[in-house]
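As structure tokens, the structure follows; a few thoughts come after it.
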Amino acid sequence: MPSPLANAQNLLTDLIARYAHRVDYLMIRLEESEGTDILLRGNRVETLSEGISIGGQVRACYKGGWGFSSFNQLETIAERIEEAVSAARIVGDEETRLAEVKPVQDSCFVPLSGTDPRNISLATKKALCDRYSEMLKSVDSRITTTSVRYSDSAQRIILASSEGTLIEQAWVDMEMRFAATARDGDTVQTGRETTGSRKAYEDLTSLDEQVIGAAQRAIAALSLPSVKGNTYTVVIDPILSGLFVHEAFGHLSEADMAYENPDLLEAMSIGRRFGPEELQIFDGAAPAGHRGSYFYDDEGTPATTTQLIKDGVLVGRLHSRETAGKLDETPTGNARCLNYHYAPIVRMTNTWIEPGKTPVADLFTGIKEGVYARNWLGGMTNGEMFTFSAGEAWMIRNGQIAEPVRDVTLSGNVFQTLADIEAIGDDFYWDESGGCGKGGQNGLPVGCGGPSLRIRDVVVGGEAV
């Protein structure tokens, strides 16, 4: 059966020509997606579905005012354009300031290195989830609750703008999440693992070690002592480093947050020192093979790699065309939307800290009493403040990893924490488990990575001393 979008490019070109004279800018985005969602909780199937979605959105800008309309009936597209154009003309009363981007005509597809999940039956995907669910439950009788979630999504996008851009691009994204909760009397502990891929279905079929590890961590934590709450020198592994740079720093680098908040814009002043000279932080969709990778963002701006911190100093931030125009900076290709129901906003793609020169074993040298934290259970940020829960942790005593502990939470101010980085490890790991949330658009695929870090004066929550 031919795609409903098969002849869409000519239609969009005609519609753009018909309405473009009434606004300063007009963008139409059509989307065709199909996907699978499976959720098992214990012995119960909560979700088992396959679906296809077709729709689109219209964005119009006039004198700085935006009109937006989304739809899932292609035959109503002319009415939706009229709605967006009319809304923009009602609210616009200033000046449209969009950073210039060269119009592009292109067709591109993020390549797969293995099997497309669309070629795998629903029954086979369900059987994979059943196998992992049984693994979780088989580790120990004290495992009381388990969950396994599988999802995949294939999206095909067509973008057309009044400036002459006409882009078709497509990708496939896959993700699995596992959780096991163990109980011993009143003590309850949970182990989690998440992984994702934009490369091949096979990336999800050999996760036995991670699945069993999640359940084993939950069981092991039942008998561990809680960490004593205090301020410690902490060593964190690359997974926590990636989570930290994404959640605690990356969101502050998204320019829509800055230009709407003068205090934050001042705090995130270009040229301000944030950390040691060894600290280098980047974000970009240009590196291939990661879950935040693509060729063009949802405004048709080419993917880039943006250095945010160079030698410890803030040198860049992430932009849409509007934020770049208003701050007189260069667009970075970070305008993204989850799907056609939402307008693009400034979002991270793949965010990482470059590895340093310190051998990982040397990160522990000289720490009389500290904490080594690995993996993550969860976390939250509020502006420049953050709190993360480690998936597993050990005390550091006299430069050596000592007894394991549980209930480790790391809290602090991101600016102070960056300044308190004492050493950057020479290791590195890409974490493809990210599903980012912002502005009601939750689960947007991202990648993050980093090396192990040694940070002084971290507030570690646990039992009272």
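The values are calculated or read from the model by the stated rules, or taken from the named source; none is laboratory data. Note that the structure is a prediction, hence the values are computed from the model and not measured. Cβ sites come from the backbone with ideal geometry, for glycine too, and all protein chains shown count toward neighbours. All accessible areas refer to the heavy atoms of the entire protein, side chains included, with ligands and DNA or RNA removed. Shrake-Rupley method; radii C 1.70, N 1.55, O 1.52, S 1.80 Å.
The table below gives the values:
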read-out	value
Enumeration of residues in segment 81-103 that are open to solvent by less than 50 Å² (accessible area, probe 1.4 Å) and part of a helix (DSSP H, G or I)	81, 84, 85, 86, 87, 88
Candidate set from segment 435-465 (those that are out of contact with any Pro (no Cβ under 7 Å at 6 or more places or on another chain) and not in a strand (DSSP E or B)); member that is surrounded by the fewest Cβ atoms within 10 Å (Cβ to Cβ)	465
Filtered residues of segment 299-315 (kept if open to solvent by 10 Å² or more (accessible area, probe 1.4 Å) and either assigned to a loop (DSSP other than H, G, I, E, B) or within 22 Å of residue 431 (Cβ to Cβ) (or both))	299, 303, 304, 305, 306, 307, 311, 315
Which numbered condition residue 251 misses (of (1) under 25 Å from residue 364 (Cβ atoms); (2) open to solvent by 10 Å² or more (accessible area, probe 1.4 Å); (3) assigned to a helix (DSSP H, G or I); (4) not charged (D, E, K, R))	(1)
Neighbours by Cβ (under 7 Å, 6+ apart or cross-chain): first from segment 411-434, in a strand (DSSP E or B); second open to solvent by 30 Å² or more (accessible area, probe 1.4 Å) and among the charged types (D, E, K, R)	413/384; 422/454; 422/456; 423/454; 424/278
Unmet criterion (only one of (1) modelled with pLDDT of 95 or more; (2) surrounded by 18 or more Cβ atoms within 10 Å (Cβ to Cβ); (3) in contact with a Leu (Cβ under 8 Å, 6 or more places away or on another chain); (4) of a type outside the set (Lys, Arg)) for residue 130	(2)
Residue identified as surrounded by 24 or more Cβ atoms within 10 Å (Cβ to Cβ) and closer than 30 Å to residue 171 by Cβ among 235, 245	245
The listed residue being assigned to a loop (DSSP other than H, G, I, E, B), open to solvent by 50 Å² or more (accessible area, probe 1.4 Å) and either out of contact with any Leu (no Cβ under 8 Å at 6 or more places or on another chain) or at pLDDT 95 or above (or both), out of 107, 113	113
Lone qualifier among 347, 336, 374 - being under 25 Å from residue 224 (Cα atoms) and of a type in the set (Lys, Arg)	374
Tally of residues being of a type outside the set (D, E, K, R) and modelled with pLDDT of 95 or more across segment 253-262	2
Residue within segment 364-384 that is out of contact with any Asp or Glu (no Cβ under 9 Å at 6 or more places or on another chain), in a helix (DSSP H, G or I) and at pLDDT 95 or above present	yes
Residue 125, sole failed condition from (1) closer than 24 Å to residue 40 by Cα; (2) surrounded by 12 or more Cβ atoms within 10 Å (Cβ to Cβ); (3) more than 26 Å from the chain's Cα centre (by Cα)	(3)
Test: residue in segment 31-44 that is open to solvent by 30 Å² or more (accessible area, probe 1.4 Å), modelled with pLDDT of 95 or more, closer than 30 Å to residue 133 by Cα and more than 27 Å from the chain's Cα centre (by Cα)	yes
Set 419, 393, 402: member being among the small types (Gly, Ala, Ser), buried (at least 23 other Cβ atoms within 10 Å of the Cβ) and out of contact with any helix residue (DSSP H, G or I) (no Cβ under 9 Å at 6 or more places or on another chain)	393
Within segment 267-288, considering residues that are open to solvent by less than 30 Å² (accessible area, probe 1.4 Å) and in contact (Cβ under 8 Å) with a residue 60 or more places away in the chain, the one nearest to residue 201 (Cα to Cα)	285
Filtered residues of segment 136-153 (kept if assigned to a strand (DSSP E or B) and closer than 16 Å to residue 188 by Cα)	143, 144, 145, 146, 147
Any chance residue 168 is of a type in the set (Asp, Glu), assigned to a strand (DSSP E or B) and more than 20 Å from the chain's Cα centre (by Cα)	yes
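For every residue, the table says whether it meets (1) acidic (Asp, Glu); (2) buried (at least 20 other Cβ atoms within 10 Å of the Cβ); (3) under 30 Å from residue 127 (Cβ atoms).
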| site | (1), (2), (3) |
| --- | --- |
| 142 | no, no, yes |
| 146 | no, yes, yes |
| 150 | no, yes, yes |
| 165 | no, yes, no |
| 171 | no, yes, yes |
| 175 | yes, yes, yes |
| 178 | no, yes, yes |
| 194 | no, no, yes |
| 198 | no, yes, yes |
